[in-house]
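Quick notes on the structure that follows.
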């Protein structure tokens, strides 16, 4: 157990050091919005950093790191292109402006309320791909393969949802309209649902081992973040005022889990 705690502590120190380095980049850009693209890559970094220091089952390690890489590279690239195309994120702008009103400058506020928390959250959320690599037994069984399948499903589901939304936004005729097509007809946030499936699947794969079972805090916190904190809450704030018909969309469409649309 001591070795596990040391590994986790070293990983936490690593990701916070990386975030501190990226914070210096934000100081030059005067923009922190690229952190969204960095966040999934930080989780992949923790998975890769754990690999040489863990003696877990080789198949499980390959599945955990490989699936994490597929998720992180796809999502990180998508979010990076979104940042390059749209510029500063209004959520971070509002956060930093609020801190400025309290007397905290850009440097202090961005470090304390963006980069260091994001590093800690990445470390917590990625516990399955850290702890799941440690135990050499048992080998991957049917439960682990089911978890891997759920993670793969989540990666594809999130990618399809993001692609559908990007295509919708690129069509000038849809400006100001509500995206209620494809997967978005069944869920107001199918991308978040896909992300939750990915990390619950990785947890199930990790939880076949005694040490990996302790990683449950990761997917629980991620799901809470997506559904109750910075995900759905911030995304939908003000949408009813800026998007005609959004209130009706809310009434007929599940917020998270894809379900058949309700009748008006």
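Those helices (runs of 4 or more DSSP H) of the stretch 45-153 in which at least 1 residues are within 27 Å of residue 165 (Cβ to Cβ), out of contact with any helix residue (DSSP H, G or I) (no Cβ under 7 Å at 6 or more places or on another chain) and without any contact (Cβ under 8 Å) to a residue 40 or more places away in the chain, considering only elements entirely within it, cover 58-86, 90-101, 116-125. How about the stretch 176-192: which of its residues are within 14 Å of residue 225 (Cβ to Cβ) and either assigned to a helix (DSSP H, G or I) or free of Cβ contacts under 8 Å to residues at least 40 places away in the same chain (or both)? Once the filter is applied, which keeps residues that are within 14 Å of residue 225 (Cβ to Cβ) and either assigned to a helix (DSSP H, G or I) or free of Cβ contacts under 8 Å to residues at least 40 places away in the same chain (or both), the stretch 176-192 yields 191, 192. Per the listing 195, 208, the residue uniquely over 19 Å from residue 125 (Cβ atoms), crowded, with 16+ Cβ neighbours inside 10 Å, in contact with a helix residue (DSSP H, G or I) (Cβ under 6 Å, 6 or more places away or on another chain) and in contact (Cβ under 8 Å) with a residue 40 or more places away in the chain is 208.
Read-outs: derived from the displayed coordinates by stated rules, not from any lab. Because the structure is a prediction, the values reported are computed rather than measured. Here Cβ is always computed from backbone atoms with ideal geometry, including for glycine, and neighbour counts include all displayed protein chains.
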